[in-house]
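Scroll down for the structure; my scribbles are underneath it.
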Amino acid sequence: MDEETSKQYEKCNFCNKAKNDVKKLIVGDSVAICNECVDLCGDLLQELARTTVKALDFKEIDPRELKEFLDKYVIGQDNAKMVLSVAVANHYKRINNTSKELELDKANVLLLGPTGCGKTLLAKTVARFLDVPFAVTDATSITEAGYVGDDVETLIGKLLSNAGGNVEKCQRGIIFLDEVDKIARKSENSSITRDVSGEGVQQALLKVVEGTVCRVPMPGASRKNPQAEMVEVDTSNILFIAGGAFVGINDVIKRRAEGSGIGFGVEVKTNDQGSLHDLEPDDLVKFGMIPEFVGRFPTWVGLTELSKEQLMFVLTEIKNSLVAQYTYLFETDGVQLKFSNEALLEIAKNAATRKTGARSLQAELERILMPHMFSLKEYAKQDITEVVITPGLVKKPIKLAA
Ligand SMILES: Nc1ncnc2c1ncn2[C@@H]1O[C@H](COP(=O)(O)OP(=O)(O)OP(=O)(O)O)[C@@H](O)[C@H]1O
Ligand SMILES: [Mg+2]
């Protein structure tokens, strides 16, 4: 290092402060920067992120492309994938619409289907495809305080936080409202049994879902400037995807169909894709959703319970599959984890009986792999390099080795 260069490293090239006057001087190939200048740059970049608008223009979304992307992460549910892809493409067409004459109405989406069949996963994967901020909220955690009450603001605040405080980005994000069926009115006739809790929450949600301006706290805003802590977020371009199991909706559909005579003698099977096909807004109202709420979700689609074969695919075929995850865990200790096909089918069968969809797969794998994971270090010492899971190991009640 010549004298000239070594002198360069003695001070910050940006503010000229000497090395000894700052906490830390970071030295690059031919330049040095102090911690204070790094902080300043950080603040500048954050500010830029908050105010940048242009970069967020969306290219057109091809529903087929989105569906193909969903196929990589979500097994089955073809119908839901198609409906969701079209709804999302239309939603962003609407946002990008510059025509003054024609205003496109917002079409939020409602996903109905049993637990663990991929509702949340679908919504999450859509957000990943679009690279827009995404927030999941449990509808049951929202209280009915006022119209746009505190808790509804918390919901938007969550999205804003996931958007890194960028209001523009947040306004184009997706919110997944989980468990909306749990905020159903308990009785269809609310004048007899007044059950306002669910109804109140639905009321509180109406405005944000439709589009309103909320004042929400800016995540991580500086305490020095309390005025700047609240920002206004317009929710009219936020896409709301609601999900719920709606247990018992099939009976509502069946009763209506039978009552009207149209479906007389038609067997409406639970978990049959066809049954949710026949869903009408009225059925959701009968179930306990208020008509205004239903009206704001004009697109709905039913998801089906996953079959044994589909559960097997969930184990092995998708990106970040459970088998890939556990294989990695074993590999870190130098042990290869293998499953026979029969064992995988057995695991899927066991999971299917638990009625919690793909959720039970992980529990099954944990149960089966636990004793091996407990002993992985031991295996390495004994030169055991492979663990093969066979149907026998799946069936056997597992005991932890003493
Ligand atoms: N169709 C599917 N394809 C791939 N993985 C799935 C599928 N369905 C569920 N899973 C897996 O199961 C787990 C639970 O799925 P998810 O959270 O989407 O269920 P859900 O339908 O939202 O259920 P709930 O009604 O209980 O909220 C996820 O971690 C996901 O990996
Ligand atoms: Mg869910």
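The values are calculated or read from the model by the stated rules, or taken from the named source; none is laboratory data. Small disclaimer: the values here were computed from a predicted structure and weren't measured. Because the Cβ atoms are built from the backbone with ideal geometry, glycine has one as well, and the counts that use them run over all protein chains shown. Accessible surface areas use protein heavy atoms only, side chains included; no ligands, DNA or RNA. Shrake-Rupley method; radii C 1.70, N 1.55, O 1.52, S 1.80 Å.
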Quote the FRET efficiency, to the nearest 0.05, computed for Gln382 versus Tyr328 with a Förster distance R0 of 22 Å and r equal to the Cβ-Cβ distance. 0.55
Residues Ser307 and Phe374, FRET efficiency given R0 of 35 Å [Cβ-Cβ distance, rounded to 0.05]: 0.60
In nm, what is the difference between 0.36 nm times the number of residues separating Glu292 and Asp39 and their Cα-Cα distance? 86.2 nm
Heavy-atom accessible area of region 299-402 with neighbours in place, 1.4 angstrom probe: carbon+sulfur share in percent works out to 55
Tell me the net charge near Lys338. Cut-off is 14 Å between Cβ atoms, Lys338 excluded, with +1 for each Lys or Arg and -1 for each Asp or Glu. -3
Starting at the first residue of region 241-256, write each ³J(HN,Hα) from the Karplus equation 6.51 cos²θ - 1.76 cosθ + 1.60 with θ = phi - 60°, in whole Hz, x for Gly and Pro. 10, 9, x, x, 7, 6, 4, x, 5, 4, 5, 4, 4, 4, 4, 5
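Determine the sum of side-chain charges near Cys117: Lys and Arg each +1, Asp and Glu each -1, restricted to other residues whose C-beta is under 12 angstrom from that of Cys117.
+2
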